[in-house]
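This report refers to the structure that appears directly beneath it.
The values are calculated or read from the model by the stated rules, or taken from the named source; none is laboratory data. Remember, it's a predicted structure, so these values are computed and weren't measured experimentally. Every residue, glycine among them, receives a Cβ derived from its backbone with ideal geometry; neighbour counts consider all protein chains shown. Ligands, DNA and RNA are stripped out before the accessible areas are found, and what is left, the full protein with its side chains, is counted by its heavy atoms. Shrake-Rupley method; radii C 1.70, N 1.55, O 1.52, S 1.80 Å.
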Amino acid sequence: MQVEQLMLSRDGLTLHGALYGEASAPLVVLIHGFPDTPHSWDHVYPLLVKAGYQVFVPWLRGYTQDSVNRQAHYGLASALADLAAWLELLKAKERLKNKAHLVGHDWGAAIAMSFASEQSEALHSISLLAVPPIPNFKNVFKAIPNFPRQLYMSSYMLLMQSRFAEQMLSRNNVSFVEKIWRKWSPTWKFTESDFSPTRVAFQNPDIAWAATRYYHNLFAVLNSDNLRANRHLLSPVTTPTLALAGLDDGCMNIRLHQALAQTHYFPQGIKSVYVPDCGHFLQAEQPNPIAQHLIQHFQKTDRSI
């Protein structure tokens, strides 16, 4: 398969990404989340390329050694700026002719929603894996009964605020991260081959530190860049949207996901799909059905152009 390794220099960092498929094909961007790497897409992007798409798979800043600097920003604001810069680079290299399909898992889903709110003209569609569409506050009351359980399931976010978080993630051969995987995807019997790219990444204390900064900056609302990015995350999205979630997700209360997806605040509507026998890392757990759902969403959007 044709692949091109790309690098992008920003804020004194070097960012990395891989581009697969033919240059003339429509572009799909796949963004990973926490605690994970782009390798969770390894069995998805070949199926998308086979279906006639060009696929770009970037590493989030902070998940490679040369994209870590303790003076740099790591969070939604910097991730949005990085994505915009990647799309400009792809345009300059004539790899992006028009608009892109944007797919995000976990943090990648938050990035996709925020980017679609800010720059919808750059996108054909977005697809959100494991994270629900976040409604306007006027609609949030419909989901209130499901919030207490989600607060418990999201307690790890508070742990990520601790100054001990980076050591916890990287020590003991990354055993804590492995426990997260088992808790969040309880029905997935993942192998060492599945987990090893994440183990290698999080063994590096610098990468573990950078990953915790995403959560720190999510709550550091006194920073104007963080506040602006968070506001985009809560803003309406006009881009056609697909929401995918595993019914056994141990990180996301599926009842809350369903309640948020049913608010229908997206002007273009939203299609939600719930995958049985599947947890949080659904693109790695069930790549074939996930790829098929994505392709159907892309094709429906393409036909409407």
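Kirkwood Rh, Cα Rg: Rg to Rh for the range 3-303?
When Rh is taken as the Kirkwood radius, the ratio is 0.93.
Where in the chain are the helices, taken as whole DSSP H runs, whose Cα atoms extend 20 angstrom or more along the long axis and whose Kyte-Doolittle mean reaches at least 1.0?
The answer, listed by residue number, is 76-92.
What residue among LEU90, HIS43, HIS16 has its Cα farthest toward the positive end of the dipole of the range 2-101, where the charges are +1 on Lys, Arg and -1 on Asp, Glu, each on the Cβ?
Sorting the options by dipole projection puts first LEU90.
Work out, step by step, the length gained on full extension between ASN146 and GLU88: first 0.36 nm times the residue separation, then minus their alpha carbon distance; give nm to one decimal.
Answer, rounded to one decimal: 16.9 nm.
Most mobile of LEU123, LEU30, LEU102 per a Gaussian network model of the chain (Cα springs, under 10 Å)?
Highest fluctuation of the listed residues: LEU123.
If I take R0 = 25 Å and measure r between the Cβ atoms of GLN65 and PHE190 in this structure, what FRET efficiency does the formula 1/(1 + (r/R0)^6) give, to the nearest 0.05?
0.55
Between TYR274 and GLN292, what is the label-to-label distance in nm when each label sits 7 Å out along the Cα-to-Cβ direction?
Calculated label separation equals 2.0 nm.
Could you order the peptides 281-289, 251-259 from most to least packed, using the average number of other C-beta atoms within 10 Å per residue?
281-289, 251-259
Only Lys, Arg, Asp and Glu count, each charged at its Cβ (+1, +1, -1, -1), so figure out the dipole size of the chain about its Cα centre, rounded to 20 debye.
It works out to roughly 660 debye.
Rounded to a whole number, what % of the accessible area of the chain do carbon and sulfur atoms account for, probe 1.4 Å?
54 percent
Can you compute the label reach from GLU4? Point 7 Å from Cα along the Cβ direction, backbone N cut-off under 20 Å, restricted to the range 50-86.
So the set is 50-60, 82-86.
Among DSSP bridges having both ends in the range 3-303, what percentage is antiparallel? Round to the nearest 5.
35 percent
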